[in-house]
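Read the structure below first, then the notes.
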Amino acid sequence: MKYVKQVLIILAFTALGELMAALIPFPIPAAIYGIVLMLIALGTGVLKTEAVKEVSSFLTGIMPILFVPPAVRILEYWGIVGPNIAAIAIIAVSATSTSIIDATG
């Protein structure tokens, strides 16, 4: 039951993000609204980390599997992606490095 509650909390923030995206006329994805709302809730203490810890750890653990369909989809657009692969690789490595350096302090 604990896991169901944690999933429902995450889904509630997702739904709030969808609602905000529908109401606010900015070109910001609903997922970003939901993530920011959850970040604010966690940062202010309204939502405790323990309230979503196990499900969040699980979702983070399976995240690489979730990237397989988009990676396969990119192959369908190889005609566009191929000529720009060097620039894409540089951006990906830079962004990853920045994230790792930022996460380690």
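The values are calculated or read from the model by the stated rules, or taken from the named source; none is laboratory data. Keep in mind it's a predicted model, so treat the numbers as computed, not measured. Neighbour counts run over all protein chains shown; Cβ positions are idealised from the backbone, glycine included. Keep in mind that these areas ignore ligands, DNA and RNA; they rest on the heavy atoms of the full protein, side chains included. Shrake-Rupley method; radii C 1.70, N 1.55, O 1.52, S 1.80 Å.
Summary of computed values
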item: Hey, residue 100 in a helix (DSSP H, G or I), surrounded by 10 or more Cβ atoms within 10 Å (Cβ to Cβ) and of a type in the set (A, V, I, L, M, F, W, C) or not; result: no
item: Filter result for the condition that a residue is part of a helix (DSSP H, G or I) and at pLDDT below 90, over 83, 70; result: 70
item: Residues within the stretch 25-67 that are open to solvent by less than 80 Å² (accessible area, probe 1.4 Å), part of a loop (DSSP other than H, G, I, E, B) and closer than 16 Å to residue 9 by Cα, tallied; result: 3
